[in-house]
């Protein structure tokens, strides 16, 4: 009888400890999410600024090239490319860089969350920042190029890929950090729902 009388107290104490542990994990998760969101914002801002500078520098070099003896021949041979460059210039490098950065961030994060969910992040993580960049930047840039909004006049596939490489390079590792730190693998979700189901069964058994 004494043992039975003590069981509800121990169960209640265990439930309180479990509740406190859950609240602590939730608090840590929120703090980590906020910190990573702040880092992502900083990286995105740096990416936009650097991309703007890179585009203006490229425009300057391209302008010098067009003034060389080969420039007129290049213009005559590539009318579509010149038209695309003119449209991108009219769009504004600031707006273009923001669009490219947001597209690179959302695309990389979406793919890497899927990689985390299906256990592939376990194989990507040991590569380190440099290894991941060498291995994945070009394939990811190709996907980013396909997702550039139609409002951005990138013209052909080659220009879209070229414009995507730098934003993808800058945003890739922060996206991997977010996916690896904040998102679950498939077995984590299975364990969570099993635990939730078992808790409900224990509650019904006590009733």
### Task
Using 0.36 nm per residue of separation minus the Cα-Cα distance, give me the extension gain between residue 188 and residue 30 in nm, one decimal.
55.1 nm
### Query
Under a plain spin-label model, where a point goes 7 Å from the Cα along Cα-to-Cβ, how far apart in nm are residue 162 and residue 54?
1.3 nm
### Message
More than 16 angstrom separation, counting every C-alpha pair in the range 22-80; what % is that?
### Response
67 percent
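Sorting check: for 166-177, 106-117, 75-86, 51-62, which peptide has the highest mean count of neighbouring beta carbons within 10 Å, and how do the rest follow? All intermediate terms of the calculation are to be shown ahead of the outcome.
Working: 166-177: 22.6, 106-117: 19.6, 75-86: 12.3, 51-62: 13.8.
My ranking of the peptides, most packed first, is 166-177, 106-117, 51-62, 75-86.
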### 5 Å binning of all Cα-Cα separations within the range 15-206, expressed as whole percents from 0 upward
1, 7, 12, 15, 14, 12, 10, 8, 6, 5, 3, 2, 2, 1, 1, 0, 0, 0
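Using alpha-carbon pairs under 8 Å, 6+ residues apart, how would you state the relative contact order of the range 15-206 in percent?
Numbers: 140 pairs, mean separation 57.2, N = 192.
RCO, the range 15-206: 30 percent.
Please list the equivalent ellipsoid semi-axes of the range 48-97, computed as the square roots of five times the alpha-carbon gyration tensor eigenvalues, in descending order and whole angstrom. Numbers along the way, then the final one.
Values: eigenvalues 99, 35, 7 Å².
They are 22, 13, 6 Å, listed largest first.
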### Task
Find how much the distance from residue 74 to residue 62 grows on full extension, using 0.36 nm per residue of separation minus their present alpha carbon separation; answer in nm with one decimal.
3.2 nm
### Query
If we sort 156-163, 123-130 on the protection proxy, mean other Cβ atoms within 10 Å, highest first, what's the order?
156-163, 123-130
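Please report, in whole Å³, the volume per residue of the convex hull around the C-alpha atoms of the range 118-168.
Details: hull volume 4.1 nm³, N = 51.
Spelled out: Cα convex hull of the range 118-168, divided by residues, is 80 Å³.
Every read-out reported here was derived from the displayed coordinates using simple, explicitly stated rules and does not represent laboratory data. Keep in mind that what you see is a predicted model, and the values were worked out from it rather than measured. A quick note on method: Cβ atoms are made from the backbone with ideal geometry, for glycine too, and the neighbour counts reach across all protein chains shown.
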